[in-house]
Amino acid sequence: MQINAPCVVSLTWRLEDAQGQPIESLDQPMEFFFGGEDLFEKVEQALAGQENGYEVSVALQPEDAFGDYDSNLVCFESRGLFPDNVQVGMQFEGLPEGSATEDMPPDTIYTVTEVYPEHVVLDGNHPLAGLGLRMHIKVCDVREATDEEAEAGTLGDTGFTVMSGPSAGESLH
């Protein structure tokens, strides 16, 4: 079966930065809805019309993947608003209750980037924002989408940890 919207593709891939340094590897095939919200547009363009077994490398500029880095999504919050065990790398959905920071998107995943005695630095950018990427993709299977999948336009939570968009609130595109 050829990859044409709407369908479901089972993929493996290796994700690297622009210098070829590995970032993430999807070694076990995972299903994604093709023609909806599950894959980056440039990835869908590369896969369109292909079949099981097809392999391709796709170069993604920041605007094709996780967006440009936005320094406006970085803020400082009082250390007292966080649990005692707060650490670099922890993530929070939205800013903590009692936050004094205004004009920050409330539905964003914020990552703790620094912890000081008096404040915590939060970054709402996706960790891969601003980076050029290369995906080495293999199509492991192609099947027709069910009516429910086609109506939803996504397979939902794929369990894959790399999320897209400047707000990091979407699945991998």
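Every read-out reported here was derived from the displayed coordinates using simple, explicitly stated rules and does not represent laboratory data. Just so we're clear, the structure is a prediction, and the values are computed from it rather than from any experiment. FYI the Cβ positions are ideal-geometry reconstructions off the backbone, even for glycines, and counts take in every protein chain you see.
Over the residues of the chain, the helix contribution to mean residue ellipticity at 222 nm works out to -2000 deg cm²/dmol, using -39500 (n - 2.57) for each DSSP H run of at least 4. Annotation: amide H-H contacts under 5 Å for residue 140 (H modelled 1.01 Å from N, sequence separation of 5 or more, or interchain): 10, 11, 12, 53.
With a point put 7 Å past each Cα toward its Cβ, work out how far residue 48 is from residue 14 in nm, to one decimal. Spacing of the two 7 Å Cα→Cβ label points: 2.8 nm.
Coupling constants for the range 87-102 follow from the phi torsions by the Karplus curve (6.51 cos²θ - 1.76 cosθ + 1.60, θ = phi - 60°), and in residue order they are 9, 4, x, 5, 10, 10, 7, x, 7, x, 4, x, 4, 9, 6, 10 Hz; glycine and proline get x. You can think of it this way: the chain between residue 147 and residue 59 has 28.5 nm of extra reach, that is 0.36 nm per residue less the Cα-Cα gap.
If you compute semi-axes √(5λ) of the Cα gyration tensor in Å for the structure shown, which of (1) 23, 18, 16; (2) 35, 17, 13; (3) 65, 16, 14 do you land on? Correct label, based on the coordinates given: (2). A straight line joining the Cα centroids of the range 39-99 and the range 13-34 runs 14 Å.
Could you give the longest part of the chain that holds none of the GluC sites (Glu not before Pro) found in DSSP loops with at most 13 neighbouring Cβ atoms within 10 Å? The partial results should precede the final answer.
Details: sites that count: 51, 97, 102, 118.
Excluding the exposed sites themselves, the longest stretch runs over 119-173.
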